[in-house]
Amino acid sequence: VKYMQAANRIIPVTGNAAGPTALRRIGDEIRSRDLVISAMYMSNVEQYLMRDGGFASFAENVKTLPRNEKTVFIRSMFGMGRGGPSWHPLSVPGYNSTQILQYMNTFVTEYDAGRIRTYNELLENGYIRP
């Protein structure tokens with residue numbers, strides 16, 4: 001990670017993922033380098049975007065990002081939803097958080113098909129199973 005950061009290959013961004021500029025400018029920068037996103041760490045930002053009504057704008061922003069079939073979202077789940085993270089099939093007893101991966105293309109497909117309307121549906125639909 002330190003090498004990648006020194007080589008300017010990790011781009012930390014502070015901004016609104018549902019806004020008109022943050023994610024789209026990331027996409028523009030990556031495209032200008034003739035690259036695609038390999039991984040995007042979301043933590044649990046989408047939980048707040050769902051709550052605040054910005055999730056649809058976020059999903060539209062994601063569609064504009066340069067990606068390929070291997071591009072993934074990395075998400076973290078913390079004591080929420082159905083009584084905590086232990087409800088998810090990838091949760092490990094005794095741990096406070098669960099990390100899941102989802103291919104970005106799968107996210108777009110699931111969203112466009114109307115299968116992601118709630119945060120729990122986001123976490124349930126299309127995650128990569130080990």
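Among helices (runs of 4 or more DSSP H) entirely within segment 1-92, having at least 3 residues that are of a type in the set (Ser, Thr, Tyr) singles out no element at all.
Taking (1) open to solvent by less than 20 Å² (accessible area, probe 1.4 Å); (2) out of contact with any Pro (no Cβ under 6 Å at 6 or more places or on another chain) in turn, THR106 satisfies each apart from (1).
When segment 73-94 is filtered for residues that are at pLDDT below 90 and within 18 Å of PRO130 (Cα to Cα), the ones remaining, listed by number, are MET77, PRO85, SER86, TRP87, HIS88, PRO89, LEU90, SER91, VAL92, PRO93. Candidates VAL72, VAL45: the one that is open to solvent by less than 40 Å² (accessible area, probe 1.4 Å) and under 14 Å from the mean Cα position of the chain (by Cα) is VAL72. Residues in segment 1-35 that are touching a helix residue (DSSP H, G or I) at 6+ places or on another chain (Cβ under 7 Å) and closer than 13 Å to VAL62 by Cβ: ALA17, ALA18, LEU23, ARG24. Among the residues that make up segment 71-94, is at least one of them free of Cβ contacts under 8 Å to residues at least 40 places away in the same chain, out of contact with any strand residue (DSSP E or B) (no Cβ under 9 Å at 6 or more places or on another chain) and closer than 28 Å to ARG9 by Cβ? The answer is no; no qualifying residue exists. Checking each residue in segment 35-64 for being more than 13 Å from PRO20 (Cα to Cα) and touching a Pro at 6+ places or on another chain (Cβ under 9 Å) picks out LEU35, VAL36, ILE37.
The set of residues in segment 4-46 being polar (S, T, N, Q) and on the phi < 0 side of the Ramachandran plot consists of GLN5, THR14, ASN16, THR21, SER32, SER38, ASN44. If you check TYR103, TYR119 for being of a type in the set (Ser, Thr, Tyr), in contact (Cβ under 8 Å) with a residue 24 or more places away in the chain and more than 14 Å from MET77 (Cβ to Cβ), only one passes: TYR103.
Per the listing ASN125, ASN120, ASN105, the residue uniquely at pLDDT 95 or above and under 14 Å from the mean Cα position of the chain (by Cα) is ASN105.
The values are calculated or read from the model by the stated rules, or taken from the named source; none is laboratory data. Computed from a predicted model, the values in this text were never measured in an experiment. Using ideal geometry, Cβ is built from the backbone for each residue, glycine included, and neighbour counts are taken over all protein chains shown. Note: areas computed on protein heavy atoms with side chains; ligands, DNA, RNA excluded. Shrake-Rupley method; radii C 1.70, N 1.55, O 1.52, S 1.80 Å.
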